[in-house]
1. I need the trypsin sites (Lys or Arg not before Pro) found in segment 42-128, filtered to DSSP loop residues with at most 14 other beta carbons within 10 Å of theirs.
2. If all Cα-Cα distances of segment 77-230 are sorted into 5 Å bins from 0 onward, what percent lands in each bin, rounded to whole numbers?
3. Mind checking the per residue accessible area of segment 209-282 for me, 1.4 Å probe, whole number of Å²?
4. Give me the 1.4 Å probe accessible area per residue for segment 24-127, excluding ligands and nucleic acids, in Å².
5. Determine which aspartates and glutamates satisfy two conditions relative to K115: a Cα distance under 12 Å, and not lying fewer than 8 residues away in the same chain.
6. Which shape class, rounded, prolate or oblate, goes with segment 72-143 when its Cα gyration tensor gives a ≥ b ≥ c as root eigenvalues, a/c under 1.5 marks rounded, and past that a/b bigger than b/c marks prolate?
7. Out of F187, I202, L177, whose Cα points farthest toward the positive end of the dipole of the chain (charges: +1 Lys, Arg; -1 Asp, Glu; placed on Cβ)?
8. Can you pull the percent of segment 95-168's accessible area that's carbon plus sulfur, 1.4 Å probe, other chains left in place?
Amino acid sequence: MNLSDNPTWKSAAVADLAFILLSPSLINEDSASFILNPDKIINLLKALDQNDLSLQLHLKRKKIRKLGWYAEELMTFFFSNYPDYNLLGYNIQLFDGSTTTGEIDFILEDVQTNKIIQIELATKFYLHYSLDNSTVFIGPNANDNFDRKYHQLLNHQLQTNNPKEVRELTNNRPIDLAVPFIKGVLFYPLKKPKATANFNFISPFHNRGWYCSLAELLENNEIQELWSITKMNWLGLSDPKKISREEFKTHFTELFKEGNRAIMVLNNCNERGFIMSDEWPN
């Protein structure tokens, strides 16, 4: 059975990069001036998949402990090798005197137009949750809120001015376009598979998944086997571990004891899901 969204990729790192680049955006975008050519992307990924040594060496030089950091390093490598844009800077710290006021993920120069483009990257996995007669999208840690994250990015992270740290990289040219680049999956309750997003900034074409608590899983006799995915493999779904129904309780209980609050899984229809601790989101 094919378990990957991009089953043609031999390299796990290339599969992860392909997920970021080729999966649909989580948000409605108004960024027609920022174009990533799908044919060029696929050709680059195919070549990289034949020999990913340069990508592996890039990743090996970094101390990557979080999935978000990993995604940033994958995109740093991509922008360093994609012919339509020059990567002028990344992880750019902004200061007011000695106080850090923010960070910019990527500053690019369009090779054809010479325009300066800011990219803010996020790879997000949010769960559709009903709270006080309203709906929110929250992360597995329950503190991360999609609506709040989106508006923080729109109103604070995307630059309306041109900080000196950017001007130093661009030879004093201003930012012409600031683009949110948000990829990931929105998960809906297993009992309500046709639930809707109900936020006007969320793209109707976003990737969808399902979720349930461990108690709900154990009560559901239709699910007889799952494939468990460790967090660092959430993007490209590499190295899935098959779990039979007889193992569900022990497997997920042990992972929850290790501090995990959400375990990503695939079902036999290749659909992503989350098994949540029975205490979640508290």
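1. R61, K62, K63, R65, K66
2. Going from the shortest bin to the longest, the percentages are 2, 7, 14, 17, 13, 12, 11, 9, 7, 4, 2, 1, 0.
3. Values: 3780 Å² over 74 residues.
Heavy-atom accessible area per residue stands at 51 Å².
4. 51
5. D84, D176
6. Cα axes put segment 72-143 in the prolate bin.
7. F187
8. Of the solvent-accessible surface of segment 95-168, carbon and sulfur hold 41 percent.
The values are calculated or read from the model by the stated rules, or taken from the named source; none is laboratory data. Keep in mind that what you see is a predicted model, and the values were worked out from it rather than measured. Here the Cβ is made from the backbone with ideal geometry for all residues, glycine too, and neighbour counts use every protein chain on show. SASA here: full protein model, heavy atoms, side chains in, ligands and nucleic acids out. Shrake-Rupley method; radii C 1.70, N 1.55, O 1.52, S 1.80 Å.
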